[in-house]
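The values are calculated or read from the model by the stated rules, or taken from the named source; none is laboratory data. Worth saying up front: this structure is predicted, and the values here are computed from it rather than measured. Heads up, the Cβs are rebuilt from the backbone with ideal geometry, glycines too, and the neighbour counts pull from every protein chain shown. Areas reflect the complete protein model, heavy atoms only, side chains present, ligands, DNA and RNA absent. Shrake-Rupley method; radii C 1.70, N 1.55, O 1.52, S 1.80 Å.
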Amino acid sequence: QKEVEQNSGPLSVPEGAIASLNCTYSDRGSQSFFWYRQYSGKSPELIMFIYSNGDKEDGRFTAQLNKASQYVSLLIRDSQPSDSATYLCAVNKGNTPLVFGKGTRLSVIA
Amino acid sequence: GAGVSQSPSNKVTEKGKDVELRCDPISGHTALYWYRQRLGQGLEFLIYFQGNSAPDKSGLPSDRFSAERTGESVSTLTIQRTQQEDSAVYLCASSRGTSGRARGETQYFGPGTRLLVL
């Protein structure tokens, strides 16, 4: 079982819809969870992090964490074509580097 | 403030040559990471430096790869006797340190070095 799993996609959503990106992790000791966005040909940039169960909102982005189910998701409301990118989920277990998933490619269709 | 910088931004080399890639982390960041990303693939962890601790080299793919870091500043990744399969983007990231607190763990990435081995 991979440590951090994401559906590779592509996930296609129409402009204005909600995009839902999912990530599961294997280590119950994981403490903090990150979402990065990576545009084609660019380096990853941080969108947000979460470390408590529940929802965390930042603008059009909402991260959701369920530690019991070992599941973290990212919702993007009012999706725009400029949101088209690969979204990387990353997990931290404490005193170790982040473990990254392989990413989900999102395509927002105008 | 200044972000993570990497040089060169692009490097074309011939098979068998050695290359050296440089990373300047964000000032004050004690942790530094190197990743490799092949075209269309995910991030592949290579090596991690945390302060004065021994580096975690568990991701280095072969003994042709090595990295050094001077204190908490610049790092260089060296690839000896390059092969065509080494062609990739090499990304460097830094963070304040793996303190167990989310903000300290946030990794900030540099723009990467695109390496092409002919």
inquiry  = Looking for something open to solvent by 30 Å² or more (accessible area, probe 1.4 Å), more than 13 Å from chain A (Cβ to nearest Cβ) and in contact with a Ser or Thr (Cβ under 6 Å, 6 or more places away or on another chain) - is there at least one such residue anywhere in the stretch B:100-116?
reply    = yes
Per the list (1) more than 10 Å from every other protein chain (Cβ to nearest Cβ); (2) open to solvent by 40 Å² or more (accessible area, probe 1.4 Å); (3) of a type in the set (A, V, I, L, M, F, W, C), residue check on B:Ile79 breaks on (2)
Counting only residues that are open to solvent by less than 20 Å² (accessible area, probe 1.4 Å) and among the hydroxyl-bearing types (Ser, Thr, Tyr), the stretch B:24-47 contains a total of 2
